[in-house]
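Notes to accompany the following structure.
Nothing in this text is a laboratory measurement; each read-out follows from the coordinates by a stated rule. Please read these numbers as outputs of a predicted model, since none were measured by experiment. Positions of Cβ are generated from backbone atoms using ideal geometry, with glycine treated the same way; all protein chains shown enter the neighbour counts.
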Amino acid sequence: MGAHLHLDPTGGIAGDMFAAALLDLDPSLGDGLLPLLRSAGLHDDVTVDVVDHRNATFRGRRFVVLDPRERTPDGRKRPLRGAFVLRSGAHGAHGSSHAHVAHKDIVARIAASDLPSAAKARATDIFARLAVAEAGVHGMPVEDVEFHEVGAQDSIADIVTAAVLLSRLHDRHGGLTASVASLPLGSGRVQTAHGELPVPAPATLSLLQGFPVHDDGRPGERVTPTGAAIVAHLVTPGARRPSGVVGGAGVGFGTRTFSGLSNILRATLTHTTTTGAAVVGSGGADDAWRRGCIAELATELDDMTAEELAVAGDRLRGVAGVLDVHVLAVQMKKGRAAASLRVLCAEDATDAVARALFAQTTTLGIRVCVVERLELDRALAEHDGVRVKRARRPGGDTVKADVDDVGDDGDTLAGRRARRAAAERAALEPG
């Protein structure tokens with residue numbers, strides 16, 4: 001079982017856009033959210049709201065964090081949303097009049113909160129990625145990274161909400177993978193607690209290493225550090241969008257507007273379980289099978305012995321999620337005899353299988369692809385100590401006895417065949 005979340009950052013991605021997109025995808029994911037945020041450090045005078053929003057093209061939602069301290073006495077918005085600062089005295093950059101919250105204190109709040117353990121782990125990881133990126137940009141230890149108090153409240157709301165929604169989505173679908181389309185870079189300058197910074201912000205670029213980006217010519221900060229940290233937490237660079245059955249989509253709006261472009265993030269949920277929706281063939285309702293996806297990893301080897309290949313195959317078959325291992329004789333360049341090694345596995349086992357291939361073989365590279373698989377409905381039953389697999393086919397059911405069970409009895413081929421036939425006949429009998 002499992003689901004896949006694909007992000008289309010048409011306008012970009014920020015923490016509030018991500019939360020809004022998931023809450024538009026499934027509003028029930030946000031049930032009981034505010035008490036959890038309070039337990040993680042959101043102040044009593046800070047509120048969150050999810051509001052419907054539409055423009056000339058799309059409808060969706062906005063995730064709004066209302067903090068009275070985000071306004072100066074004359075009503076202007078402070079330019080400190082989600083801003084990190086360096087510890088006062090590190091560079092003499094910030095005076096004592098500014099209220100700061102250390103990264104370690106935020107992590108401690110999360111650890112002591114009422115969040116489920118999975119949500120705690122996700123929130124802690126996202127904050128850690130932000131802190132490490134900021135520390136690297138400024139050449140400072142991670143422990144010297146702090147939030148401005150206003151930015152801390154905003155970030156707690158965005159990041160903890162993202163963590164809760166993702167953990168609930170994972171639990172409801174028995175697993176969750178993710179991918180992201182090319183991210184818009186943006187351009188210009190952004191005002192932060194450190195003064196003006198180029199867009200993308202240095203921390204954003206650090207967090208997006210390995211991810212595809214593009215410049216669509218529209219200025220402004222399109223991906224915030226918080227948005228980049230969520231992407232880095234959720235998505236493995238290079239992850240592809242698998243085939244499957246669409247389960248729904250949500251649209252999250254950002255606060256900015258662009259000429260000719262909706263500032264939205266779309267989140268699409270795809271069910272990837274191989275026991276998912278039936279596909280009906282041209283013969284009618286009886287032609288039903290299940291559609292799913294698996295990964296295929298392949299490589300060719302011309303410098304391993306037959307004994308070494310056999311051992312490698314056994315090791316690969318022992319990796320969790322591996323479905324089958326094939327070794328074929330092929331001829332490579334210069335007429336060299338070689339072996340073509342192919343491993344079929346569950347999509348979420350791709351990294352583990354790749355690690356095993358590099359460890360157990362001499363390969364220097366692996367081809368990886370996601371392939372669609374159609375499976376017949378099947379059931380396993382036991383008759384007289386013999387396991388029998390029954391498959392539903394368009395032309396009628398077929399059965400096959402387990403050869404290991406049949407081989408345990410009878411010293412002759414005729415005896416084994418007789419036992420197999422008896423078990424298969426019993427499996428086809430009604431009732």
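Just a few scattered comments:
- Taking the C-alpha atoms only, the angle from helix 149-173 to the longest principal axis of the chain is near 20 degrees.
- Segment Arg417-Asp105, length gained on full extension (0.36 nm per residue, minus Cα span): 105.3 nm
- For Lys389, a cut-off of 29 angstrom between C-alpha atoms picks up these lysines, skipping any fewer than 8 places away in its own chain: Lys400.
- Legend: translational diffusion of segment 109-235 by Stokes-Einstein, Rh = Kirkwood radius over C-alpha pairs, 4 °C, 1.567 mPa s; D = 83 µm²/s.
- Close amide H contacts of Arg373 (hydrogens built in the peptide plane, cut-off under 5 Å, sequence separation of 5 or more or a different chain): Gly292, Cys293, Ile294.
- Whether segment 3-271 is rounded, prolate or oblate, judged on the alpha carbon gyration tensor where a/c under 1.5 counts as rounded: rounded
- Most simply put, segment 3-271 has about 80% antiparallel DSSP beta bridges, counting only bridges with both residues inside it.
- Extension gain, Glu375-Val327: 0.36 nm per intervening residue step, less the Cα-Cα distance, totals 15.0 nm.
- Vicinal HN-Hα couplings computed from phi for segment 200-206 (Karplus, 6.51 cos²θ - 1.76 cosθ + 1.60; Hz; Gly/Pro x): x, 4, x, 5, 4, 4, 4
- Residue-by-residue Karplus 3J(HN,Hα) for segment 32-44, coefficients 6.51, -1.76, 1.60, Hz, glycine and proline x: x, 6, 4, x, 5, 5, 4, 5, 8, x, 6, 5, 5
- Using the Cβ-Cβ distance between Val245 and Leu364 with R0 = 35 Å, the FRET efficiency computed as 1/(1 + (r/R0)^6) comes to roughly 0.40.
- Selected from Ala40, Ala111, Ala352 as most flexible by GNM, with the chain as the system and alpha-carbon contacts under 10 Å: Ala352
- FRET efficiency for the pair Ser259 and Asp49, taken as 1/(1 + (r/R0)^6) with r the Cβ-Cβ distance and R0 = 25 Å, rounds to 0.35.
- Each of Thr224, Thr412, Thr362, Thr299 was scored by other Cβ atoms within 10 Å of its Cβ. Arranged with the fewest first, they read Thr412, Thr362, Thr299, Thr224.
- Peptides 7-20, 415-428, 243-256, ordered by how many other C-beta atoms sit within 10 Å of their residues on average, highest first, read 7-20, 243-256, 415-428.
- Set of aspartates and glutamates with alpha-carbon distance to Lys333 below 12 Å, sequence-local pairs under 8 removed: Glu300, Asp302
- Global geometry of segment 378-428, whether rounded, prolate or oblate, following the gyration tensor of its Cα atoms and the 1.5 cut on a/c: prolate
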